[in-house]
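Okay, structure first, notes after.
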Amino acid sequence: MNNTIEIRYINEAIRIRREYLNCMYEITTKEEKVMKQKSELENVMNDLTSLVESMEGKKNIDGKLLNEKLLEAELNINKIQAELKPINVKIESLKKEAKNLYTIIKEKYPDLNDQDIKSQMDPHLIELNNKYKL
């Protein structure tokens, strides 16, 4: 039996890796925006902490102001999640595809151990990694 992995499986591994690297690149491009949103969230959380501390022991609590700050915090959290969720969903999908490809290769080439598979895939994937330089 031939133990050289077919090019179609290698190409599929390359496609999965390329899409993963594209996701990582997309994360780096969004990093500044997410960090700004994180900073805004931290400011709101500090405001909330100060507001709660100023209300301690008081009978009249400004529920409207507290509610506004909580909504502002939630809005910032939602913005951060909206930026990253599509990328995270794609990465999870790629993980499943990679697992499926691994299973197919193991079934098709039962004589290959993980190191054998890695040694056949690595030259192609390392070349791709070098192109992205992340």
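The values are calculated or read from the model by the stated rules, or taken from the named source; none is laboratory data. All values derive from a computational prediction rather than experimental measurement. Cβ atoms come from the backbone with ideal geometry, glycine included; neighbour counts cover every protein chain shown.
At-a-glance table
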| quantity | calculated |
| --- | --- |
| Among residues of the range 86-134, those that are in contact (Cβ under 8 Å) with a residue 24 or more places away in the chain and part of a helix (DSSP H, G or I), counted | 19 |
| Test: residue in the range 44-59 that is basic (Lys, Arg) and under 21 Å from the mean Cα position of the chain (by Cα) | no |
| Selection count where residues are surrounded by fewer than 17 Cβ atoms within 10 Å (Cβ to Cβ) and either of a type in the set (S, T, N, Q) or outside any helix (DSSP H, G or I) (or both), scope the range 4-47 | 9 |
| Breaking point among (1) surrounded by 12 or more Cβ atoms within 10 Å (Cβ to Cβ); (2) basic (Lys, Arg); (3) farther than 30 Å from Thr4 by Cβ, for Lys85 | (1) |
| Criterion (farther than 30 Å from Leu125 by Cβ and among the acidic types (Asp, Glu)) met by exactly one of Glu72, Glu83, Glu97 | Glu72 |
| The listed residue being at pLDDT below 85, out of contact with any Phe, Trp or Tyr (no Cβ under 9 Å at 6 or more places or on another chain) and among the β-branched types (Val, Ile, Thr), out of Ile14, Ile87, Ile61 | Ile61 |
